[in-house]
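K.L.:
Structure incoming, see below.
The values are calculated or read from the model by the stated rules, or taken from the named source; none is laboratory data. This one's a predicted model, so the numbers in the text were calculated from it and none came from an experiment. Positions of Cβ are generated from backbone atoms using ideal geometry, with glycine treated the same way; all protein chains shown enter the neighbour counts.
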Amino acid sequence: MRWIIIFCLTFAAPAFAQQKPVVGHSSMALQVSQGTADPFRDPGRTLPYLAYTLGQLHYLAYSCEGNETQEWRARMIELLDLEAPLSGYRRERLIDAFNDGYQVEQRARIRCGSEAEAERRDLARRGAQMSRALLNEVLD
């Protein structure tokens, strides 16, 4: 079951653009922007980074496409159902990471248009990389 969501996340995201530094004050945002943590080499951090990225994508979609857009939030719910179906630390950590990603993008105040689209492609690429890393972990 786990590999299904990872597979869907891997191939649903376009792979474009390069990563730009993340603006914000959360520790996860600082780690991503400073490169102090590599989410692809530490499986314990990959899921929270993926949740964080989904939060960023959700904000961009929500702010540019309207409140009817819930695709990335729905993917986060799927991720929670598969990886942390019960209440507890792991589930809370993933939810906090999603919310942090949303708030960081909200503070960045990216205008809709080509800038936001480039950011979405970048985030989708990063999410796809993390999804592939998770899939490789499951298949190995």
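K.L.:
Please go through segment 82-140 and pick out each residue that is outside any helix (DSSP H, G or I) and acidic (Asp, Glu).
P.N.:
Going residue by residue through segment 82-140, those that are outside any helix (DSSP H, G or I) are 84-88, 109-113, 140.
Result: Asp140, single match.
K.L.:
Let me ask you something else. If you check every pair at least six apart or on different chains, which have Cβ atoms under 8 Å apart with a residue in segment 48-61 that is touching a residue at least 12 places away in the same chain (Cβ under 8 Å) first and a residue that is surrounded by 24 or more Cβ atoms within 10 Å (Cβ to Cβ) and among the acidic types (Asp, Glu) second?
P.N.:
Gly55/Glu105; Gln56/Glu105; Tyr59/Glu105; Leu60/Glu105
K.L.:
Follow-up. Kindly provide the set of residues from segment 95-106 that are aliphatic (A, V, I, L, M), under 14 Å from Leu47 (Cα atoms) and buried (at least 22 other Cβ atoms within 10 Å of the Cβ), ordered by number.
P.N.:
Ala97, the sole residue that qualifies.
K.L.:
Turning to a different aspect of this structure: Residue check: is Asn99 within 15 Å of Tyr49 (Cβ to Cβ) and among the polar types (S, T, N, Q)? Walk me through how you get there before you give the answer.
P.N.:
Details: within 15 Å of Tyr49 (Cβ to Cβ): yes; among the polar types (S, T, N, Q): yes.
Here the answer is yes, as Asn99 does meet what is asked.
K.L.:
In segment 114-140, how many residues are within 19 Å of Tyr62 (Cβ to Cβ) and either of a type in the set (Lys, Arg) or touching a helix residue (DSSP H, G or I) at 6+ places or on another chain (Cβ under 8 Å) (or both)?
P.N.:
8
K.L.:
Suppose we filter segment 32-81 for residues that are modelled with pLDDT under 80 and either among the polar types (S, T, N, Q) or surrounded by 21 or more Cβ atoms within 10 Å (Cβ to Cβ) (or both); how many remain?
P.N.:
5
K.L.:
Restricting attention to segment 107-127, which residues are surrounded by fewer than 20 Cβ atoms within 10 Å (Cβ to Cβ) and more than 23 Å from Asn67 (Cα to Cα)?
P.N.:
Arg125
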